[in-house]
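See below for the structure under consideration.
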Amino acid sequence: MSDGGDLWAVVPAAGVGRRFGADIPKQYLPLAGRRVIDQSLAVLLAEPRLRGVVVALDPRDSFWPQSELADDPRVRRVAGGAERCHSVLNALEALAEMAGADDWVLVHDAARPCLRANDLARMIEILCDDPVGGILAVPVRDTMKQADDAGRIDATLARERLWHAFTPQMFRFGLLREAIAAALAAGVLVTDEAAAIERFGRAPRLVEGQADNIKITRPEDLPLAEFYLQQQGRIC
Ligand SMILES: Nc1ccn([C@@H]2O[C@H](COP(=O)(O)OP(=O)(O)OP(=O)(O)O)[C@@H](O)[C@H]2O)c(=O)n1
Ligand SMILES: C[C@](O)(CO)[C@H](O)COP(=O)(O)O
């Protein structure tokens, strides 16, 4: 990296895919000739500045050994935790043996296989000189409503300042490890890394990316991801 620090990745992949409802965890479903997780890892490992990846897996995971990247020397595995934030912290603790406090870490969901290499490269170039770090994100396009407890509209939000937070989310290793540990110690189960950084009074940068960097969450997301990967010419 331009400042002399190294770049690492953490991939949370220990989820069970409850909302997807498949008979195997969604990160192991077939997608465009590979598996979801291998699509996501392949984009990261193709980034020449990346030193290594720590993948957080369910300790009961029996699917990982079949991954085409399981034997890649740049990939280490660690046990995930009950929630995504626990999995990320476990991976950061494992990374502590290799990463310095000022190294950069980007956290990318295994369930986001459509990340574009040029979005990743541009995000790294923009953030590597940033004093805080930031996230890949997309501005909201629809009018956004806030619901009351009865399922009725109780506010229309000013959408000009609303963004969808995606991954990767990229921060300095020391700051990120401390921020997530502090959030968990306070009982705050942050759903993304930026929320932990915000709790520290820092303002992560929003880096606009492509809207096709979707997270595979529900069944209808898989054919959409297949279409997006076809559009990107990434069908194997
Ligand atoms: N305890 C957990 C939960 C989730 N994840 C990972 O975090 C990413 C985003 O999480 P999500 O889409 O919520 O995945 P699941 O938790 O599997 O989905 P669900 O909530 O529907 O069970 C996924 O790559 C998932 O594997 C993780 O590493 N550890
Ligand atoms: C990290 C994330 O993908 C950013 O949008 C999202 O918060 C993950 O949420 P999930 O409920 O763990 O899928």
Report the gain in length on full extension from residue 163 to residue 125: 0.36 nm times residue separation, minus Cα-Cα distance, nm rounded to one decimal.
11.6 nm
Of 52, 174, 33, which has the largest mean-square fluctuation in a 10 Å C-alpha GNM of the chain?
33
Karplus couplings for segment 158-171 from phi (6.51 cos²θ - 1.76 cosθ + 1.60, θ = phi - 60°), rounded to Hz, Gly and Pro as x?
5, 6, 4, 10, 10, 10, 7, 7, 10, 10, x, 10, 10, 9
Mean accessible surface per residue for segment 114-212, computed with a 1.4 Å probe while every protein chain stays in place, in Å²
53 Å²
Roughly speaking, to the nearest percent, how much of the chain's 1.4 Å accessible area is carbon and sulfur?
49 percent
Vicinal HN-Hα couplings computed from phi for segment 58-63 (Karplus, 6.51 cos²θ - 1.76 cosθ + 1.60; Hz; Gly/Pro x)
4, x, 8, 4, 10, 8
Averaging sequence separations of C-alpha pairs under 8 Å and six or more residues apart, then dividing by the length of the chain, give the relative contact order as a whole percent.
25 percent
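Using just the helices of the chain, give the 222 nm mean residue ellipticity in deg cm²/dmol: DSSP H runs with n ≥ 4 each add -39,500 (n - 2.57), and the total is spread over all residues, rounded to 500.
Calculated from helices alone, the mean residue ellipticity at 222 nm is -8000 deg cm²/dmol.
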Please report how far the C-alpha centroid of segment 26-89 lies from that of segment 143-159, rounded to the nearest whole angstrom.
37 Å
Name the residues whose placed amide hydrogens come within less than 5 Å of the amide hydrogen of residue 10, ignoring near sequence neighbours (fewer than 5 apart) on the same chain.
54, 106, 107, 108
Formal net charge of residues neighbouring residue 176 (Cβ-Cβ distance under 13 Å; K, R +1; D, E -1):
-3
Contour minus Cα-Cα distance for residue 185 and residue 98 (0.36 nm per residue)
28.9 nm
Report the per residue volume, in Å³, of the convex hull enclosing the C-alpha atoms of the chain.
142 Å³
Residue by residue through segment 201-208, what is 3J(HN,Hα) from phi via Karplus (6.51 cos²θ - 1.76 cosθ + 1.60, θ = phi - 60°)? Round to whole Hz and write x for glycine and proline.
x, 9, 10, x, 7, 8, 10, 5
Amide H within-cut-off set for residue 166, under 5 Å, with H built and near neighbours excluded:
136, 137, 138
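For the chain, give the share of DSSP beta bridges that are antiparallel, in percent and rounded to the nearest 5; count only bridges with both residues there.
Values: 16 of 36 bridges.
If I count the DSSP bridges inside the chain, around 45 percent turn out antiparallel.
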Potential lengthening between residue 235 and residue 202 on full extension [0.36 nm per residue; Cα-Cα distance subtracted]
7.9 nm
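The values are calculated or read from the model by the stated rules, or taken from the named source; none is laboratory data. As the structure is a computational prediction, the values presented were derived from the model and not from experiment. Quick reminder, even Gly has a Cβ in these numbers, built from the backbone with ideal geometry, and neighbours come from all protein chains shown. Just the protein is used for accessible areas: all its heavy atoms, side chains included, with ligands, DNA and RNA removed. Shrake-Rupley method; radii C 1.70, N 1.55, O 1.52, S 1.80 Å.
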